[in-house]
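Asks: I have a structure here, written as structure tokens, and I will follow up with some questions on it.
The values are calculated or read from the model by the stated rules, or taken from the named source; none is laboratory data. Since this is a predicted model, take the numbers as computed values, not measurements. To get the accessible areas, we keep the full protein, side chains included, count just its heavy atoms, and leave off ligands, DNA and RNA. Shrake-Rupley method; radii C 1.70, N 1.55, O 1.52, S 1.80 Å.
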Amino acid sequence: MNIDRQVFAQRRLGQLTWVAVLEKTIIGFTSLGPEGHLDMLFVHPAYQGKGVASLLLAAAEQDAANNGVLLLFTEASITARPFFEKKGFQFLSQQHVFRHGRLLTHFKMEKRLF
């Protein structure tokens, strides 16, 4: 699957958002705030493990580097933590948040770009 030409960026609520599209179907997205907050990295389950998340993260990292952002940070889910660790993010702390009556565990993580 060649997705590299099908990722495009869009501004959303003050953040730059990248969307991966395959045959007119959105298969993943992520966004990055100007302060380096990587938010909502998501890939449709049918396309996980095919490089989509890596492509989206690389686009966000390149934009951050181009704009002088030295540090990226995120709140990774339990399932996303291994991906971020493979990509050079360091674990900072564990946090628990309630969403829709459920307790979720997230991991604060960061990556220095320079």
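Asks: May I ask you to compute the full-extension gain from Leu92 to Glu35, defined as 0.36 nm times their residue separation minus their alpha-carbon distance, rounded to one decimal in nm? Could you put the intermediate results ahead of the total?
Replies: Details: separation 57, 0.36 × 57 = 20.52 nm, distance 1.76 nm.
Extra length from Leu92 to Glu35 when fully extended: 18.8 nm.
Asks: Using Cα positions and a limit of under 24 Å, work out the lysines in reach of Lys86, with same-chain residues fewer than 8 apart set aside.
Replies: Straight-distance partners of Lys86: Lys50, Lys108, Lys111.
Asks: Could I ask something else about it? So what is the accessible area of the chain per residue, in Å², with the probe set to 1.4 Å?
Replies: Using a 1.4 Å probe on heavy atoms only, each residue of the chain averages 63 Å².
Asks: In percent, what relative contact order does the chain have, based on Cα pairs under 8 Å that are 6 or more apart in sequence?
Replies: On the way: 193 pairs, mean separation 21.2, N = 114.
19 percent.
Asks: Can you list the HN-Hα couplings for region 54-68, worked out from phi with the Karplus curve (6.51, -1.76, 1.60; θ = phi - 60°), rounded to whole Hz and with x for Gly and Pro?
Replies: 4, 5, 5, 5, 4, 5, 5, 5, 4, 4, 4, 4, 5, 9, x
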